[in-house]
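Enquirer: Have a look at this one before I ask anything.
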Amino acid sequence: NIPSVSEARTEPDLEKIVERQPDLVIGAKGFHDKALQRLSDLDIPVLTAEIDSWSSLRGFTTTLATALEADAKPLLDRYDACLSETPTDSPSALVLVSRQPILAPNKNSWAGDFLAQFNVQNLAADLQGESEFDGYVTLSAEKVIEADPDSIMVVETGEDLLSQLKSEPFWNQLKATKEENVISFDYFGLVNPGSLASIEATCEQLKSEL
C-alpha cells in the first residue's frame with residue numbers, strides 16, 4: 001500500500017514525494033541527481049547511492065545505518081559471510097550481458113568487482129571503450145574469440161540471451177562452449193545488486209559452479 005513515485009527509468013514525481021513528507025529520500029547517482037538536488041533545496045534530507053563495488057556497498061550501508069540510527073553490523077556480517085571461503089584459483093571468464101552490442105563488465109563495475117572478490121580472471125577487467133553504460137565495454141565477435149575464456153557467464157534479463165548468443169557464428173568456436181562451461185546468472189545479484197538475497201544467491205552460485 002505504499003504509493004509509487006516513479007516507474008522504470010522515468011523521473012520520480014517530486015510532488016508525490018513532497019506530499020509524503022519523507023524524513024529521508026534515497027536516490028541513485030547519475031539518475032536521480034536533479035531530483036535529489038531539488039528535494040535538498042526544499043530542506044528534505046537526501047542520500048545518494050552508487051553501488052559499484054563491495055566497498056561502496058559496505059560504505060553506503062554504514063552511511064544509511066547512521067542516518068536511520070540503526071545498527072549496520074548484522075548486514076556487514078552477512079556481507080563478510082557471503083565472501084567467506086571464496087575460491088583461491090578460479091578460471092578465466094567473460095561476463096556477457098547483451099548481444100547487440102556484446103557488452104561485458106570491466107573492473108569498474110559491480111559485476112567486475114564481484115568477480116575480483118572471487119579471484120576470477122575477468123578477461124575484460126582492464127579493457128576500456130565507448131559504452132553508454134559506465135563500467136561496461138563493447139566487444140566484437142573477434143575480441144571474444146581472441147579472449148577465448150575458460151568460462152562464460154551469461155546474464156539473463158528475461159530475453160533468453162543464451163539462446164541469442166548460441167545463434168552467433170563465433171559461439172561454437174570458444175573453448176568454454178566446447179567444454180560446456182557456460183553458466184547463466186540472474187541480472188539481480190551479478191549486474192545489479194538488487195537485494196541482499198540476490199547478492200547472497202550469486203555468492204552461493206559462484207562458489208558452487210566455479
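The values are calculated or read from the model by the stated rules, or taken from the named source; none is laboratory data. The model shown is predicted, which means the values in this text are computed figures rather than measured ones. Quick reminder, even Gly has a Cβ in these numbers, built from the backbone with ideal geometry, and neighbours come from all protein chains shown. Heads up: the accessible areas ignore ligands, DNA and RNA and are worked out on the full protein's heavy atoms, side chains in. Shrake-Rupley method; radii C 1.70, N 1.55, O 1.52, S 1.80 Å.
Enquirer: I'd like the full set of residues that are assigned to a helix (DSSP H, G or I) and under 11 Å from V5 (Cα atoms), limited to the range 16-33.
Expert: Answer for the range 16-33, where residues must be assigned to a helix (DSSP H, G or I) and under 11 Å from V5 (Cα atoms): K16, I17, V18, E19.
Enquirer: I would also like to ask the following. Read through the list (1) of a type in the set (F, W, Y); (2) open to solvent by 30 Å² or more (accessible area, probe 1.4 Å); (3) more than 30 Å from L24 (Cβ to Cβ), then give the number of the only condition that F118 fails.
Expert: Condition not satisfied by F118: (2).
Enquirer: Which of the residues belonging to the range 46-61 are within 22 Å of the chain's Cα centre (by Cα), surrounded by 13 or more Cβ atoms within 10 Å (Cβ to Cβ) and either of a type in the set (V, I, T) or in a helix (DSSP H, G or I) (or both)?
Expert: T48, I51, W54, S56, L57, R58, G59, F60, T61
Enquirer: Find the residue count for the range 132-164, including only residues that are part of a loop (DSSP other than H, G, I, E, B) and either in contact with a Cys (Cβ under 7 Å, 6 or more places away or on another chain) or open to solvent by less than 40 Å² (accessible area, probe 1.4 Å) (or both).
Expert: Number of matching residues: 2.
Enquirer: Go through the range 169-183 and give me each residue that's exposed (fewer than 14 other Cβ atoms within 10 Å of the Cβ) and outside any helix (DSSP H, G or I).
Expert: P169, E179, E180
Enquirer: Name every residue in the range 143-178 that is acidic (D, E), without any contact (Cβ under 8 Å) to a residue 24 or more places away in the chain and on the phi < 0 side of the Ramachandran plot, in order of residue number. Before the answer, list the steps.
Expert: Start the filter on the range 143-178 by keeping residues that are acidic (D, E), which leaves 146, 148, 150, 156, 159-160, 168.
Right, trim to without any contact (Cβ under 8 Å) to a residue 24 or more places away in the chain and you get 146, 159-160.
Correct list: E146, E159.
Enquirer: Count, please, the residues in the range 22-45 that happen to be aliphatic (A, V, I, L, M), surrounded by fewer than 18 Cβ atoms within 10 Å (Cβ to Cβ) and either at pLDDT below 95 or under 23 Å from G194 (Cα atoms) (or both).
Expert: Looking only at that region, the number is 3.
Enquirer: Continuing with this model, one more query. Pull out all pairs, ordered by first then second residue, where Cβ-Cβ is under 6 Å, the residues are six or more apart or on different chains, the first lies in the range 82-99 and is part of a strand (DSSP E or B), and the second is open to solvent by 40 Å² or more (accessible area, probe 1.4 Å) and among the acidic types (D, E).
Expert: Sorted first by the residue in the range 82-99, then by its partner, the pairs are S92/D150.
Enquirer: Can you tell me how many residues in the range 100-121 are touching a helix residue (DSSP H, G or I) at 6+ places or on another chain (Cβ under 6 Å) and in a strand (DSSP E or B)?
Expert: Number satisfying all stated conditions: 1.
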